[in-house]
Amino acid sequence: MSDNSLRDLRKPAPRAGDAPPKITFPCDYPIKVVGDAADDFAATVCQIVVRHDPDFDAENIQVVPSRNGRFVSVRLTLRATGEVQIKALFGELKATGRVHMVV
């Protein structure tokens with residue numbers, strides 16, 4: 001087999017200034033919310049998510065404590081209807097003062 005018959009199927013690494021990939025809405029949209037560990041953190045996150053996705057099912061969240069127990073991440077998937085919804089959700093989560101990062 002010659003080298004000419006092989007193709008590199010890897011995508012090129014994104015470069016600075018490249019536009020983020022386009023998302024087709026509506027879609028299932030996974031997020032991870034990181035904040036200080038507290039008994040009510042996951043419930044607080046779920047209450048906010050439900051305001052932006054009334055059909056959100058909190059049964060499928062994953063709560064993962066950090067190694068030292070200081071932080072916790074809540075992983076969930078919501079039904080995203082558009083960029084405005086996502087931005088509003090991220091803004092409300094961050095406005096709690098309890099959320100350090102939303103990915």
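The values are calculated or read from the model by the stated rules, or taken from the named source; none is laboratory data. Keep in mind that this is a model prediction, so the values were computed, not measured. Cβ atoms come from the backbone with ideal geometry, glycine included; neighbour counts cover every protein chain shown. Accessible surface is based on the protein model in full, side chains and every heavy atom, while ligands, DNA and RNA are left aside. Shrake-Rupley method; radii C 1.70, N 1.55, O 1.52, S 1.80 Å.
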- Task: Of all residues in the range 48-103, count the ones that are free of Cβ contacts under 8 Å to residues at least 24 places away in the same chain and either over 12 Å from residue 33 (Cβ atoms) or touching a helix residue (DSSP H, G or I) at 6+ places or on another chain (Cβ under 7 Å) (or both).
- Result: 16
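Taking into account only those residues within the range 76-103 that are part of a helix (DSSP H, G or I) and of a type in the set (Val, Ile, Thr), which is most open to solvent (accessible area, probe 1.4 Å)?
To start, the set of residues in the range 76-103 that are part of a helix (DSSP H, G or I) comprises 83-95.
Applying the additional criterion that residues be of a type in the set (Val, Ile, Thr) yields 84, 86.
Numbers: 84: 125, 86: 15 Å².
Filtering the range 76-103 for residues that are part of a helix (DSSP H, G or I) and of a type in the set (Val, Ile, Thr), the one most open to solvent (accessible area, probe 1.4 Å) comes out as 84.
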- Item | Tally, over the range 64-75, of residues that are open to solvent by 80 Å² or more (accessible area, probe 1.4 Å) and in a strand (DSSP E or B) | 2
- Query: Only one of (1) under 22 Å from residue 95 (Cα atoms); (2) open to solvent by 50 Å² or more (accessible area, probe 1.4 Å); (3) acidic (Asp, Glu) is not met by residue 57, so which one is it?
  - Reply: (1)
- Note on the structure: Picking from 34, 49, the residue that is part of a helix (DSSP H, G or I) and either modelled with pLDDT of 95 or more or within 23 Å of residue 95 (Cα to Cα) (or both) would be 49
